[in-house]
Amino acid sequence: MTAIPDDCLARNEWICGEYLSTRRQILIDAVVQHLQLTAVSVLIALVVAVPLAVLARRWGWAAGPVLALTTILYTIPSLAMFSLLLPVYGLSAALVVAGLVLYSLTLLVRNILAGLRAVPEDTRQAARGMGYGPIRLLLTVELPLALPAAMAGLRIATVSAVSLATVGAIVGFGGLGNLIYAGMNTYFKAQVLTASVLCVVIAVAADLLLLGVQRVLTPWTRAVRS
């Protein structure tokens, strides 16, 4: 009778401490790449989304086209999106980042615009009466008051980017998605489970971090609730 392997890797178990100890550097590299893809894409999307939302708020006619365009982009399946971007970026990390940026725009633009629209007109008029110009009004009154809605959009966009980054495995730049994809192909249970759990941990940690930042930047919201 064949002896049962005493190694959880040889037995191909879902939970295997040996996998963590022997693949530590591989896991670290995958986590770092995943964090880089997510952070870079969300930051670029935020830099693009703020001017778009401000433009849509300043000129009402622009709101419809801006929201329609970003919504259409969000409806494109991820595999199709990466395929459409492939002729431009080739098989590179930039391809994944570009796709994540386009997906993040919908969530960010909508929430930032909603926050700007929620600023009371009386507050704007009071600021103008105190001599605030358009730029100063935007930077010191409108954007700060829009922060709660904007941060809510940023949290959703970040968690979504953590999830969608795994799809980048199809071009070899998916962070933890690379391990999930390879593990699925070989039915490597420990690798699939470990990489999947790490994705969840990153998403939850990012959400909690941004929630903490939101609470620090918007202390008046806590005062209102209390």
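The values are calculated or read from the model by the stated rules, or taken from the named source; none is laboratory data. In this text the structure is predicted, and so the values were computed from the model without any measurement. Every residue, glycine among them, receives a Cβ derived from its backbone with ideal geometry; neighbour counts consider all protein chains shown. In case anyone asks, the SASA skips ligands and DNA or RNA and just uses the protein heavy atoms, side chains included. Shrake-Rupley method; radii C 1.70, N 1.55, O 1.52, S 1.80 Å.
Model label sites at residue 139 and residue 89, defined 7 Å from Cα along the beta-carbon direction, differ in position by 3.1 nm.
For the chain, the longest principal axis of the C-alpha atoms and the axis of helix 24-58 are separated by about 20°. In the context of the full set of protein chains, residues of the range 17-217 present 50 Å² of accessible surface per residue (probe radius 1.4 Å, heavy atoms only). The helix-based estimate of mean residue ellipticity at 222 nm for the chain, built from -39,500 (n - 2.57) per DSSP H run of four or more residues and divided by its residue count, is -26000 deg cm²/dmol to the nearest 500. What is the calculated FRET efficiency for residue 43 to residue 12, with r their C-beta to C-beta distance and R₀ = 35 Å, to the nearest 0.05? Approximately 0.35, to the nearest 0.05.
Find how much the distance from residue 130 to residue 207 grows on full extension, using 0.36 nm per residue of separation minus their present alpha carbon separation; answer in nm with one decimal. Can you show the working numbers first?
Details: separation 77, 0.36 × 77 = 27.72 nm, distance 3.76 nm.
This chain segment gains 24.0 nm when fully extended.
Here the chain exposes an accessible surface that is 70 percent carbon and sulfur, computed with a 1.4 Å probe and the other protein chains kept in place. Computed about the Cα centre, the dipole magnitude for the range 12-124 is approximately 380 debye when only Lys and Arg (+1) and Asp and Glu (-1) carry charge, each at its Cβ.
A simple spin-label model places the labels of residue 122 and residue 182 6.1 nm from each other, with each point 7 Å out along Cα-to-Cβ. Listed as lacking a disulfide-compatible partner in the chain: 199, by the criterion of no other cysteine Cβ under 4.7 Å.
Would you mind calculating the gained length between residue 36 and residue 61 on full extension (0.36 nm times residue separation, minus the Cα-Cα distance), in nm to one decimal?
Numbers: separation 25, 0.36 × 25 = 9.00 nm, distance 3.62 nm.
Between residue 36 and residue 61, full extension yields 5.4 nm more.
Against the chain, whose longest principal axis comes from its Cα atoms, helix 93-117 is set at around 40 degrees. Extending 7 Å from the Cα toward the beta-carbon at both residue 200 and residue 114 defines two label points whose distance is 2.7 nm.
Seen against the Cα atoms of the chain and their longest principal axis, helix 60-75 is set at about 10 degrees.
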